[in-house]
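Novice: My questions all concern the structure below.
What follows is calculated from the coordinates using simple rules that are stated; it is not laboratory data. Everything numeric here is computed off the predicted structure, so don't read it as measured data. Using ideal geometry, Cβ is built from the backbone for each residue, glycine included, and neighbour counts are taken over all protein chains shown.
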Amino acid sequence: MTALRTLLGHPVPRRLGEAVVTLLGVSVLTFVVLRVVPGDQITAQYGIAAGELSPDQIADLEAYYGIDQPLPVQFLSWLGGVLTGNLGVSANSGVSVAELTAQALPNTIELAVLSILVGLALGVPGGMLAASRPGRARDNATQAGSLLALSVPSFLLATAVATFLANRLGWYPNGEGYRTLLEDPWLNLQQMLLPALVLGISIASPVLQTTRTAILGVRAEDYVRTAQAKGVPARRLQVRHVLRNALIPVVTMTGLQFGFLLSGALVAEQIFAIPGIGRQVLLGLGQQEYALVQSTTLVIAVMFVLVNLLTDLVYRLVDPRVRVA
Amino acid sequence: MTTSPTGAGRPDGDRPRTTPVLSVRDLRVTFTTSHGDVEAVRGVDLDLAAGETVAVVGESGSGKSTVAAAVARLLADNGRISGGTVTLGDLDLTAADERTMRGVRGRRLGMVPQDPMTNLNPVMPVGAQIVEALEVHGLATGRQARERAVALLEGAGIEDAATRFDQYPHEFSGGMRQRVLIAMALACRPGVLVADEPTSALDVTVQRLVLDQMAELASGLGAAVVLITHDLALAAERADRVVVMYRGEVVESGPSRDLVADPRHEYTRRLLAAAPGVARRKVTDVATAGRPTEDGAGGPVGAGAAGPVAPEPLLELTGATKRYRIRGRREPFTAVDEVDLTVPAGRTVAVVGESGSGKSTTARLALRLEDADAGTVRFGGQDVSRLRGKALLAFRRSVQPVFQNPYASLDPRYTVEEAVAEPLVVHQVGDAAHRRGLVSGLLEKVALPTALRDRRPHELSGGQRQRVAIARALALEPRLVVLDEAVSALDVLVQEQILDLMVGLQRDLGLSYLFITHDLAVVRLVAHEVYVMQRGRVVERGEPERIFAAPQVDYTRELIAAIPGQGLAAR
């Protein structure tokens, strides 16, 4: 119990307060932006034909969508719904946003976790390799590779990889309908492989740079030399003293990337046809579905806040200095 | 006994009678730099007998730490041993392979590093770091290793060691961390312990305790000690023999007592004369300041008139209090607690205390970098917290700071000229040509060659940098200069020069100094009046002579007792 309390430390209540303020801010901002964009659900629904609707019809439709109310009332009614567990309904499909999210979110989380794993698996050893002989060929090659990976836009890489595999090898698992991990684990993993790889490669690059810089910094620390002076062999020195300390900034970096991934890897989800949270927002935006966009954005913001808390927790695990209240 | 190979040694006593446990012969260390090869250590000889303590003394750049690093074969990547031998027992370390060296380091040769704040792995509990030494040398594992580590921590002076075993370095004070490092270095009972400035980063009272405990633990475990230090007084007090290094060479060595009583080499003599614990007072006492002295040098401005009339107060702190809020604590921390302090015009007032005593916060109040939470700070009769606009600007001109680390307080991209001229530019003094002339005058005042005006801080020595900082402080012709540990980071000889400069400038310009330091010995040399601070309060004040002769409170007594080389001063 006490261990957990030290780990969570003093700032938790304050962090929760901050989180509430953040979420409220995000909601207001999304609400405002959605209303500022020209057009509304009616024009999105009927397109040019919307111009032919009679004032009465428009009034009826506005009443149906609930956009005839004053803006603050619209916002508060949405907020009230959210607080009572009602995220609203997607007007087009008639499915509740909660239900849509429940389907999309696991896919996004799975993709994010896999991408982060790929990113760490490539980035951390890459950074160690680059840092092992700074300024030498190995370092330069690794860094050039990572820069290239960072420079290539993921939509290009994704399209290229998908096209190549489908055309040349005839392997395109994403061509069939998407299967969740629970429905068909084997196919699901095949479907996730490419997007995770593409996203992972773009994450690997900053992870690699951070790892390299951190290792070089730590290696110059006095305590590394002191450990050497007590006879610690090279491998143990590298793992227990250098890497252990160098991972601290890497954790922060990874947490940030993880947060972005959870807000939906729009491009990758779109190209590889993965029904994730990013696609859900995209869909809502196209149709100007206020409730869908508004609520999904809130879900994304919640994920972001949670990931930040999680990062903090991991940070406390790897760095005892921040554990003190 | 044969004559020492250094030639500067004495016929007997400078070589141990038994076979040395560590023997350094004609050691040479070369560093490859962008300016070519630099030989940092040139033919050093050193012998260490079992159970003996030998001190290696020298200024920064003398090569003393390089010797330590070379012995452990832990030189920086661009350094190499270019000649000579290092023999530990029967093993030539200069010829040993890396694998052998790994077995030697920590096992037969313990190292205590300089800065306790940076030498422990921050993410590893301290106990585990000691256990690691036992583990890598296969001496103990598991419960047994833990028990030994706890015993070592206790031996090094850490109370409640069994609990503290699992704590992390940041939960320990500097002195405690150094004790951990000492326990770590001695964990495998090495025959030789090399301690490189083990206590330079610590408060004086802590320094004394830690050195006592290190000596006790080392002798208990049978380790001979090489103590590397910049402090000759400390060396003479702690070591059986002293080796004095200068510019990579040993200039003199011998038994501590003889070397101090009768230094043969000119450099040793200068070091001894400059040691603050021994050196002569630089300013005349306040009591005698009214009377004309031999050359009138001591008489501060305005004090030439009759009698010991105190000059007008320039800076006055009355009941000054400063509190800081600390995260996670309800009660604010009182850094400065109802301090009354007066700096008379033309005088030097010193504030002495250890870290956390509130002395630097006092300096910040005087500079109005902070406002007092209670009480007043007056300068020339005006409450400085009320100053706004032009009046504040005028105050800023009149009060100038000089900080401890001139390397950190000078902008690395500014040349000497730009740094010194900056306050003139800020306060719009004259045009560029006029300012150029002023800068030349200022450089002359602080005895810096004009040729240095285009250099940048990294191209200057520590002493030169501090002169630049003083020149910059003088640029606006201030009335008060606040010196926050301004000479603490300097080598003794340089420190002596800067103190002389300060005293000279005070005489010529009638400056007042608020001199903040942890070093009571330096205070004795330059201050007219001393305030001793402890935990935010002034616990004692008075003339330095009186404070040294008859300290009123225990804390002052402790501070005085902790000054190394008491015996030397009494001699």
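Novice: Report the local net charge at residue B:478: Lys and Arg +1, Asp and Glu -1, summed over other residues whose C-beta lies under 12 Å from its C-beta.
Specialist: So the surrounding residues net to +3.
Novice: Another one. Pairs of Cα atoms under 8 Å, at least six residues apart: use those to get the relative contact order of the stretch A:97-322, whole percent.
Specialist: 30
Novice: Here's a follow-up. Once Lys and Arg get +1 and Asp and Glu get -1 on their Cβ, which of B:83, B:324, A:109 lies farthest toward the positive end of the dipole of the protein assembly as shown?
Specialist: B:83
Novice: Which number do you get for Rg(Cα) / (2.2 N^0.38 Å) in the stretch A:19-165?
Specialist: Compared with the compact-globule rule of thumb, the stretch A:19-165 sits at 1.65.
Novice: Measuring from the lowest to the highest alpha carbon on each principal axis, how far does the protein assembly as shown reach, largest first, in angstroms?
Specialist: Between the extreme Cα coordinates on each principal axis of the protein assembly as shown lie 110, 72, 57 Å.
Novice: Ok, one more. Please report the relative contact order for chain B, taking Cα pairs under 8 Å with a sequence separation of at least 6, and give it as a percent rounded to a whole number.
Specialist: It comes to 14 percent, rounded to a whole number.
Novice: Report, in debye and to the nearest 20, how large the dipole of the protein assembly as shown comes out about its Cα centre when Lys and Arg carry +1 and Asp and Glu carry -1 on their Cβ.
Specialist: Charge dipole, the protein assembly as shown, about its Cα centre: 1280 debye, nearest 20.
Novice: Send over the semi-axes of chain B's equivalent ellipsoid, whole angstrom and largest first, taken as the square roots of 5 times the C-alpha gyration tensor eigenvalues.
Specialist: One finds semi-axes of 44, 28, 24 Å for chain B.
Novice: Gap in Å between the Cα centre of the stretch A:95-116 and the Cα centre of the stretch B:103-175?
Specialist: So the two Cα centres are separated by 48 Å.
Novice: When A:78, A:171, A:186 are ordered from fewest to most other Cβ atoms inside 10 Å of their Cβ, what list results?
Specialist: The order, fewest Cβ neighbours first, is A:186, A:171, A:78.
Novice: Straight-line reach from residue B:64: which lysines fall under 21 Å, measuring Cα to Cα and dropping same-chain residues less than 8 apart?
Specialist: Candidates past the 8-residue exclusion: A:230.
Novice: When chain A is modelled as a GNM with alpha-carbon springs shorter than 10 Å, which of A:273, A:265, A:166 fluctuates the most?
Specialist: Checking each option, the largest mean-square fluctuation is seen for A:166.
Novice: So, one more: Looking only at A:287, A:228, A:209, which one moves most when chain A is put into a Gaussian network model with springs between Cα atoms under 10 Å?
Specialist: Looking only at A:287, A:228, A:209, the biggest GNM fluctuation is shown by A:228.
Novice: Straight-line reach only, C-alpha to C-alpha below 19 angstrom: list the aspartates and glutamates that residue B:390 could link to, leaving out same-chain residues fewer than 8 apart.
Specialist: Straight-distance partners of residue B:390: B:370, B:371, B:422, B:477.
Novice: From the P(r) of chain A, can you give the percent of Cα pairs sitting at distances over 39 Å?
Specialist: 28
Novice: If the only charges are +1 at each Lys and Arg Cβ and -1 at each Asp and Glu Cβ, what is the size of the charge dipole of the stretch A:97-322 around the Cα centre, to the nearest 20 debye?
Specialist: So the magnitude is around 1400 debye.
Novice: Right, here's the next one. Of A:24, A:298, A:247, which is the most mobile in a GNM of chain A whose springs link Cα atoms less than 10 angstrom apart?
Specialist: Ranking A:24, A:298, A:247 by mean-square fluctuation puts A:24 first.
Novice: Let me ask another. Counting partner chain Cβ atoms within 10 Å of every residue's Cβ in A:231-237, what's the average?
Specialist: For peptide A:231-237, the averaged partner shielding equals 5.
Novice: Summing Lys, Arg as +1 and Asp, Glu as -1, what charge do residues with Cβ under 13 Å from the Cβ of residue B:176 carry, residue B:176 excluded?
Specialist: -2
Novice: For a footprinting-style exposure proxy, rank B:206, A:322 by other Cβ within 10 Å, fewest first.
Specialist: Ascending Cβ contact count within 10 Å gives the list A:322, B:206.
Novice: Could you size up the charge dipole of chain B around its Cα centre, putting +1 on the beta carbon of Lys and Arg and -1 on that of Asp and Glu, and report it in debye to the nearest 20?
Specialist: The calculation lands at about 880 debye.
Novice: A follow-up question, please. Sort A:317, B:232, A:87 so that the residue with the fewest other Cβ atoms within 10 Å of its own Cβ comes first and the one with the most comes last.
Specialist: Starting with the residue having the fewest Cβ neighbours, the order is A:317, A:87, B:232.
Novice: Give the lysines reachable from residue B:445 as a straight Cα distance under 27 Å; neighbours fewer than 8 places away on the same chain don't count.
Specialist: B:282
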